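Here is the structure we will look at, set down as structure tokens.
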Amino acid sequence: MKKNVGDTDKGARIIIGVIIALAGLYFKSWWGMLALIPFVTAFTGTCPLYSILGVNTCKTKTAAK
């Protein structure tokens, strides 16, 4: 799959994942397992929803002329 998650976006996803996981542990709820979604998308660099919507936060390198 084509990478479509940039560095800033990855950092935000990791922080959000940690918050969701900690909330799940604090409240002793299985909802904390939702933290896997931002973790997986951050570490793989691809987001299926971004692909559907045509969003790309990954910086592209331009070729020198």
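The values are calculated or read from the model by the stated rules, or taken from the named source; none is laboratory data. Keep in mind that this is a model prediction, so the values were computed, not measured. Positions of Cβ are generated from backbone atoms using ideal geometry, with glycine treated the same way; all protein chains shown enter the neighbour counts. These accessible areas exclude ligands, DNA and RNA; they are computed on the full protein's heavy atoms, side chains included. Shrake-Rupley method; radii C 1.70, N 1.55, O 1.52, S 1.80 Å.
Odds and ends about this structure:
- Scope region 19-60; condition within 23 Å of ASN4 (Cα to Cα), assigned to a loop (DSSP other than H, G, I, E, B) and not basic (Lys, Arg); matching residues: GLY45, THR46, CYS47, GLY54, VAL55, ASN56, THR57, CYS58, THR60
- Test for VAL55: is it open to solvent by 50 Å² or more (accessible area, probe 1.4 Å), in contact with a Cys (Cβ under 9 Å, 6 or more places away or on another chain) and hydrophobic (A, V, I, L, M, F, W, C): yes
- Taken over region 6-18, the criterion of being within 19 Å of TYR50 (Cβ to Cβ) and part of a helix (DSSP H, G or I) is satisfied by ASP7, THR8, ASP9, LYS10, GLY11, ALA12, ARG13, ILE14, ILE15, ILE16, GLY17.
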